[in-house]
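Peer 1: Shown below is the structure under consideration.
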Amino acid sequence: MNYQVNLFKNESDSVGTLIHASIPQLPKMQITQTATLTKSLNAVDTFEFSLGYDNPGYNLVTPMRSLIKIFQDGNLIFFGRVIKQKPVMDTNGLMYQTFDVNSIEDYLHDSVQIQKKVSNCDLKAYLQAIIGQHNSQVENYKKFSVGTVTVTDSAGSADRYLDYEDTFDAITNRLINIYGGYITVDYGSMTINYLKSVGSQSSTPLRIGFNMKSANKTIDPTSVVTRLIPTGADSSTDSSSTDKSSLTTDKQPTAAKTTLANQGYVDNQALIDEFGIIAGT
């Protein structure tokens, strides 16, 4: 199998930089380290790799903005953004950098659902409402469309609710954990599918050499919130209640003092310029 890995400095970079290819004489990732691609069901896929100082992509990476595409025999098998960057020096004094990458499903963590009733809807319309709220908060390159939905609810159409939680968690908690099924993403079209069943899928490691570290520095911006959305207290008189009926009935979810509709958020423009819009509560 032939692998090719392309690095894109940011979402505006349409050309990219080749940082690894199986063909001799073309750039390679750090050969003394292990590169690993892990693919999972209903989770964010991950890719870990290292670059030496002689690699053309060594100084091009910006966490949360740089993108990675992996091709296997010409087929796109992974598309994600760089999350962490770690400068490393090994025991021989060799300097290199390691990078952690999350697949683009990770964009769903950059938006927050608001308190909302979605009236008389089936599961596809419910997912469309969730993705619509996500799309209203993020940059164009982070937006998704809803494709095929084969998971059904025996109740048919019903009133369903959303509350303040990030979009990835909303899909997990209010769809997958209740009705089952699997979320898949078409990287080429940015389309999310919600399927009752999918083909066999397992971890697919991409390994080069062996891992040796004696010192490292981690740059971790994953907890950054660039748009803060204040919320109110739980409207329930019993804060310990675990009743989940609010997901499909007319029970009101938690109350909020502000909504996105009336500009109820605070932006940190300097962080938005660096990392983009990442909403949180």
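No lab work stands behind these numbers, since they all come straight from the coordinates. Please read all numbers here as calculations on a predicted model, not as lab measurements. With ideal geometry, Cβ positions are generated from the backbone for all residues, glycine too; neighbour counts draw on all protein chains shown.
Peer 1: Hey, what do the phi angles of the stretch 96-108 turn into as Karplus ³J(HN,Hα) couplings, whole Hz, using 6.51/-1.76/1.60 and θ = phi - 60°, x for Gly and Pro?
Peer 2: Each residue of the stretch 96-108 in turn: 7, 10, 10, 9, 10, 10, 10, 5, 5, 4, 4, 4, 5 Hz.
Peer 1: Where Rh denotes the Kirkwood radius from the mean inverse Cα pair distance, what is Rg over Rh for the stretch 74-147?
Peer 2: On the way: Rg = 18.7 Å, Rh = 15.5 Å.
My calculation of the ratio gives 1.21.
Peer 1: Would you mind checking the pairs K86/K143; K39/K142; K9/K124; K86/K117; K69/K196; K28/K124 and listing those with alpha carbons more than 32 angstrom apart? Show your work: numbers first, answer last.
Peer 2: Numbers: K86/K143 29 Å; K39/K142 20 Å; K9/K124 35 Å; K86/K117 43 Å; K69/K196 27 Å; K28/K124 43 Å.
Over 32 Å apart, Cα to Cα: K9/K124; K86/K117; K28/K124.
Peer 1: Once phi is turned into θ = phi - 60°, what whole-Hz ³J(HN,Hα) does the Karplus curve with 6.51, -1.76 and 1.60 give for every residue of the stretch 60-75, x standing for Gly and Pro?
Peer 2: 3J(HN,Hα) across the stretch 60-75, in whole Hz: 9, 8, 10, x, 6, 10, 6, 10, 10, 10, 10, 10, 10, 6, x, 9.
Peer 1: Another one. Report Rg(Cα)/(2.2 N^0.38 Å) for the stretch 1-71, keeping two decimals. Walk me through the intermediate numbers first.
Peer 2: Values: Rg = 12.4 Å, N = 71, 2.2 N^0.38 = 11.1 Å.
Taking N as the residue count of the stretch 1-71, the ratio is 1.11.
Peer 1: Between E139 and residues 5 or more places away or on another chain, which pairs have amide H atoms under 5 Å apart, with H built 1.01 Å from N, and which residues are they?
Peer 2: I277
Peer 1: Ranked highest first by the average count of other Cβ atoms within 10 Å around their residues, in what order do 14-24, 177-187 fall?
Peer 2: The peptides rank, most packed first, as 177-187, 14-24.
Peer 1: Taking the Cα centre of the stretch 1-128 as the origin and placing charges on Cβ (Lys, Arg +1; Asp, Glu -1), which of T46, P27, P56 is farthest toward the positive end of the dipole?
Peer 2: Towards the positive end, the residue furthest out is T46.
Peer 1: Step through the residues of the stretch 109-116 one at a time and calculate ³J(HN,Hα) from phi using the Karplus curve (6.51 cos²θ - 1.76 cosθ + 1.60, θ = phi - 60°), rounding each to whole Hz and writing x for Gly and Pro.
Peer 2: Those phi angles translate into 7, 8, 10, 10, 5, 10, 4, 7 Hz.
Peer 1: Sticking with this structure for a sec: Sort the stretch 1-154 into rounded, prolate or oblate with this rule: let a ≥ b ≥ c be the square roots of the eigenvalues of the Cα gyration tensor; rounded if a/c is under 1.5, and if a/c is not under 1.5, prolate when a/b is larger than b/c, oblate otherwise. Spell out each step's value before the answer.
Peer 2: Details: a/c = 2.62, a/b = 2.19, b/c = 1.20.
Since a/c reaches 1.5 and a/b is larger than b/c, the shape of the stretch 1-154 is classed as prolate.
Peer 1: Hey, got the dipole for the stretch 30-169? About the Cα centre, +1 on K and R Cβ, -1 on D and E Cβ, debye to the nearest 20?
Peer 2: Numbers: 12 positive and 17 negative charges, 60 e Å.
With Lys and Arg at +1 and Asp and Glu at -1, about 280 debye.
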